[in-house]
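> Below you will find the structure I want to go over with you.
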Amino acid sequence: MKMALYSVWDWDRNSWRVYKTSTPVSVGEDAIPPKPSSTSPIGADPDTQVKALPRNATLSGYSHVARGEVRRMSGGLGDAGDDGGKTGFRWMTFGAGAAVASAFWWWRKRK
């Protein structure tokens, strides 16, 4: 038995972020591959179709090759990778809305 390793692609560094968990796994145990819900002519989108990283995973380091099971970041601010970071876009929209609301509040307060 050894600790589980997971790799998440980091678009900013162009390398893999390697995470580890204290969950024991067998050395010869293969991960169950995800079944994509939709595919395009070039395949499935790894940022949305891969299982999410476990919550208890901690960053172990960076690597030029994937180590362990390939996963994606779960939730948060988005990856802002080649797909534009759909979750990051939601945060950007929220920020713009908050700025407009505060500007309107400030304008109403002045009157």
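The values are calculated or read from the model by the stated rules, or taken from the named source; none is laboratory data. Since the structure is predicted, the reported quantities are computational estimates derived from the model, not experimental observations. Cβ coordinates were reconstructed from backbone atoms using ideal geometry, including for glycine residues, and neighbour counts include every protein chain displayed.
> Go through the residues of region 85-99 one by one and say whether even a single one is at pLDDT below 75 and within 19 Å of residue 13 (Cα to Cα). Steps first, please.
Our first condition is that a residue be at pLDDT below 75; within region 85-99, this holds for 85-92.
This time we only want the ones that are within 19 Å of residue 13 (Cα to Cα), so: 85, 88.
Yes, that holds for at least one residue.
> Okay, next question. Enumerate the pairs (first residue in region 58-84 and modelled with pLDDT of 85 or more; second residue anywhere and among the basic types (Lys, Arg) and loosely packed, with under 15 Cβ neighbours inside 10 Å) with beta-carbon separation below 8 Å, excluding pairs fewer than 6 apart on the same chain, so at least 6 apart or on different chains.
Correct list of pairs: 62/13.
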